[in-house]
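The values are calculated or read from the model by the stated rules, or taken from the named source; none is laboratory data. This structure is a prediction, so every number in the text was calculated from the model and none was measured. Cβ placement follows ideal geometry from the backbone for every residue including glycine, while neighbour counts extend to all protein chains displayed. The protein model used for the area step is the full one, side chains on, heavy atoms only, and it has no ligands, DNA or RNA in it. Shrake-Rupley method; radii C 1.70, N 1.55, O 1.52, S 1.80 Å.
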Amino acid sequence: MTLTLYHQPGACSLASHILLEEAGLDYEAVHIDIHSGQNRAAEYLKINPKGRIPALRHGAEIITESPAILSYISGLVPDRAYLPEALIERSRVLEWMNWLSGSLHAVAFAALIHPDWFATSDAAQAEVKAKGATQVAEHFAAINQRLRGHDWAVGNTFTLVDPYLLVFYTWGCIFGMPMADYGHYRNHALRMNARPAVAKVMQAESVEAIG
Ligand SMILES: N[C@@H](CCC(=O)N[C@@H](CS)C(=O)NCC(=O)O)C(=O)O
């Protein structure tokens, strides 16, 4: 049964794309162009009524929300332990995912990218945007500290958190943030880029992680 990932190159769906490639699963990547509003078209709303990417189709099931999709992919290849069995490591994965998805993506980056979601006037939107940038920088500093002395986010091996971390690193690069100042986070991104599956997907999506 083929897996279909609905994605936008360079968006948060990059993490799911990377994990599918890492897992060596048979999948098809379908580009939903969020810049032209394809994600809000009736055809895509039948796949994900929330109008967001990523979405993952597997037979009759459609999974949405990056943490759920990444968990689902992990469950298809349990021997890889992308979602570790051990209680503490599994809890650490959930801790990271909730933080990255809830606070960094849905609050800080949303304020920076979509200030119009939070305020109406130009002045208020400029303020929201500035607050978003400050919060992103604070989260990046905290991520950098958490990665100090660690090759991977959880334990000693690659887990589903690592590709998700890379997404936000690439966004920091795109927004011209001083990513070189977050040395541990930068090393993590370089370590990720050195993985053939990651490099393949980054090239396919025309994404770069430097900084
Ligand atoms: N909570 C969702 C967020 C998904 C999301 O916001 N995706 C963005 C791209 S990174 C999107 O679809 N944006 C299009 C839009 O909001 O119109 C997840 O983690 O998958």
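Please report the spacing between the Cα centers of the range 168-211 and the range 106-155 in Å, no decimals.
Between the Cα centres of the range 168-211 and the range 106-155 lies a distance of 17 Å.
Farthest toward the dipole's positive end in the chain, which of Leu45, Leu5, Thr159, given Cβ charges of +1 (Lys, Arg) and -1 (Asp, Glu) about the Cα centre?
Thr159
Using a 1.4 Å probe on the protein heavy atoms only, what accessible surface does Asp26 show? Give it in Å² to the nearest 10.
110
In debye, nearest 20: dipole of the chain around its Cα centre with unit charges on the Cβ of K, R (+) and D, E (-)?
That gives the chain a dipole magnitude of about 200 debye.
Keeping every protein chain in place, order Val207, Val161 by accessible area at 1.4 Å, biggest value first, i.e. largest first.
Reading off the accessible areas and sorting them downward yields Val207, Val161.
Report Phe168's accessible area, 1.4 Å probe, all protein chains in place, as a number in Å² to the nearest 10.
The value for Phe168 is about 0 Å².
Can you send over the solvent-accessible area of Ile63, 1.4 Å probe, protein chains only, in Å² to the nearest 10?
30
For the full complex of protein chains and a 1.4 angstrom probe, list Thr170, Thr2 by accessible area with the highest value first.
Thr2, Thr170
Go from 0 up to the bin containing the longest alpha carbon distance in the chain, width 10 Å each, and give me the % of pairs per bin.
8, 33, 38, 17, 3, 0
Provide the percentage of antiparallel DSSP beta bridges, counting only those with both residues in the chain; round to the nearest 5.
Around 60 percent antiparallel, to the nearest 5.
For the range 26-92, state the average projected area of the convex hull of the C-alpha atoms over all orientations, rounded to one decimal in nm².
5.7
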